[in-house]
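The values are calculated or read from the model by the stated rules, or taken from the named source; none is laboratory data. The model shown is predicted, which means the values in this text are computed figures rather than measured ones. A quick note on method: Cβ atoms are made from the backbone with ideal geometry, for glycine too, and the neighbour counts reach across all protein chains shown.
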Amino acid sequence: MLRFIGRRLLFLVPQLLLAALVVFALTSLLPGDAAIARAGGETATPELIAQYRAELGLDQPLHIRFFDFVSNAVAGNLGVSFSTSEPVTEILARKAPVTLSLVLLGFIIAILIALPLGIVAALHPNGWVDRLSLAVATTGVAIPNFWFGLILVLIFSLSMGWLPATGYVSATTNPWQWFLHLLLPAITLGHALAAELTRQLRAALGDHLRRDYVRTMRAAGLSERSVVGKHALRSALGPAVTTLGLQVPIAIGSCVVIEAVFNLPGLGTQMVQAVFSRDIQVLQGVVLFTVVLVVIASFFADMAYALINPKVRAE
């Protein structure tokens, strides 16, 4: 297991370098000129534009700018927002907990939905639970996040008054209000994530329940709980864990829309603001942070898969 972890950790280095290169390239190819935007637009004097271009390092060759970007990022310096003159790291420290809380609660809700539905649907194919799992999977894929979120607001906030419709309260200020304000956004996200997870778990568990080793254990007199819980389900969780890891970037991307619907001050909202204001430093910092988060989540998904399937550790 230690050798497996060591190999995966070494593989993280080129992954992170490639991620930094992609982030730098994409932000550098954005239309417009950040120096002109910071100087006040096309009416700014050439001298002022040149001054801001030098401050932003835009007068340097691309390879020099990329090296400075990586070295500063490793040192924890992601620059300063020219819109607010605030360090990007402070912006991330303030905005990231909102998005991370939403993603974490969304995954918890997705697992709470998908795990029982997938297991029961695999145990009783073509039953009413199987049809319910199909409905969850279909609606999760077909209904856009913003539309599903608005429906939840209409029912649980405006009609029943059970939950707040918008806004955010920090967990350190009031944990209960933090949970209530994030519940509807998390259900919106979790419903979409549960769709693919339910389908994968149902298909994988149903496949294992039809295999010879399951029939042999049943014929030997093992209880159904032991056959399903200790053997078939353990083997079927591998594809589900892989699906969870692959859904992390989808979840973070969905947060851009969900945060706009529920007026959450997270990374998605900050990213949109940075794009419109041409705040390259903030945009690079937010995108790099999310990419690193996805890479780390993929690493932990590999670790979980290795714990479930010993064959992976032996490869």
| task | Test Gln281 against the criterion of being touching a strand residue (DSSP E or B) at 6+ places or on another chain (Cβ under 7 Å), assigned to a helix (DSSP H, G or I) and buried (at least 18 other Cβ atoms within 10 Å of the Cβ), and give yes or no. | result | yes
| Any residue in the stretch 81-103 that is touching an Asp or Glu at 6+ places or on another chain (Cβ under 6 Å) and either part of a helix (DSSP H, G or I) or among the β-branched types (Val, Ile, Thr) (or both)? | no
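Residues that are in a helix (DSSP H, G or I) and closer than 25 Å to Glu86 by Cβ: does the stretch 237-252 have at least one? Full working, then the answer.
In the first step, residues of the stretch 237-252 are kept if they are in a helix (DSSP H, G or I); the result is 237-252.
Checking which are closer than 25 Å to Glu86 by Cβ leaves us with 252.
Scanning the stretch 237-252, I find at least one residue that is in a helix (DSSP H, G or I) and closer than 25 Å to Glu86 by Cβ, so the answer is yes.
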| query | If you scan the stretch 149-178, which residues turn out to be farther than 27 Å from Thr138 by Cβ and either without any contact (Cβ under 8 Å) to a residue 60 or more places away in the chain or β-branched (Val, Ile, Thr) (or both)? | reply | Gly161, Pro164, Thr166, Val169, Thr172, Thr173, Asn174, Pro175, Trp176, Gln177
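Considering each residue of the stretch 195-216, count those that are surrounded by fewer than 17 Cβ atoms within 10 Å (Cβ to Cβ) and assigned to a helix (DSSP H, G or I), and give that number.
Step one: of the stretch 195-216, the residues surrounded by fewer than 17 Cβ atoms within 10 Å (Cβ to Cβ) are 203, 207, 210-213, 215-216.
Filter again for assigned to a helix (DSSP H, G or I), leaving 203, 207, 212-213, 215-216.
Final tally of qualifying residues: 6.
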| Exactly one of (1) surrounded by 17 or more Cβ atoms within 10 Å (Cβ to Cβ); (2) at negative phi is unmet by Ala219. Its number? | (1)
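Yes/no matrix, rows are residues, columns are (1) buried (at least 16 other Cβ atoms within 10 Å of the Cβ); (2) modelled with pLDDT of 90 or more; (3) small (Gly, Ala, Ser):
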site	(1), (2), (3)
Gly140	yes, no, yes
Asn145	yes, no, no
Gly149	yes, no, yes
Gly161	no, no, yes
Val169	yes, no, no
| request: Return the residue satisfying two criteria in turn: it lies in the stretch 253-274 and is touching a residue at least 24 places away in the same chain (Cβ under 8 Å), surrounded by fewer than 23 Cβ atoms within 10 Å (Cβ to Cβ) and among the β-branched types (Val, Ile, Thr), and of such residues it is farthest from Asn77 (Cα to Cα). | output: Val261
| What are the pairs, 6+ residues apart or on separate chains, where a residue within the stretch 93-114 that is under 24 Å from Gln270 (Cβ atoms) has its Cβ under 7 Å from a residue that is at pLDDT below 90 and among the hydroxyl-bearing types (Ser, Thr, Tyr)? | Val98/Tyr168
